[in-house]
1. Using modelled amide H (1.01 Å from N, peptide plane; none on Pro or chain starts), what sits under 5 Å from the amide H of residue 74, excluding residues fewer than 5 places away?
2. Under the Karplus relation 6.51 cos²θ - 1.76 cosθ + 1.60, θ = phi - 60°, what is the ordered set of whole-Hz ³J(HN,Hα) values for segment 69-74, x standing for Gly and Pro?
3. Under 5 Å between amide H atoms, partner at least 5 residues away or on a different chain: which partners does residue 67 have, H built in plane at 1.01 Å?
4. Using modelled backbone amide H atoms (1.01 Å from N, in-plane), which distant-in-sequence or interchain residues come within less than 5 Å of residue 31's amide H?
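Taken together, the values in this text are just the output of simple stated rules run on the coordinates, not laboratory data. On a predicted model such as this, the values are computed, not experimentally measured, just so you know.
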Amino acid sequence: YNRACLRSNEVADDRLSIGEPHRIVRHVTVGLVGHPNVGKTSLLNALVGKKVASVSRTPGHTKHLQSWRISPACEICDCPGLVFPVAG
């Protein structure tokens with residue numbers, strides 16, 4: 001994975017320490033969540049660097065959770081678009 005992406009809160013051996021100091025997380029999972037048809041799957045394809053998931057101009061094309069490991073330390077999860085009910 002790209003060492004340039006490491007932030008100052010990461011420990012010297014490239015493992016991310018989250019929360020408690022003694023707990024070491026070897027990789028992170030990033031979720032792409034949002035409204036339908038805003039480009040979540042297109043962003044996934046761009047981050048992976050090739051077309052790994054099908055995209056469509058029609059909202060609702062992604063039906064299930066999809067995930068890909070883009071490096072030894074990072075996994076990207078793409079979920080279907082979320083539509084919340086409007087109170088009224």
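1. Those qualifying (amide H under 5 Å, at least 5 residues apart or on another chain) are 28.
2. 8, 9, 7, x, 10, 9
3. Close amide H contacts, sequence-distant or interchain: 78.
4. Counting only residues 5 or more places away or on other chains, the set is 77.
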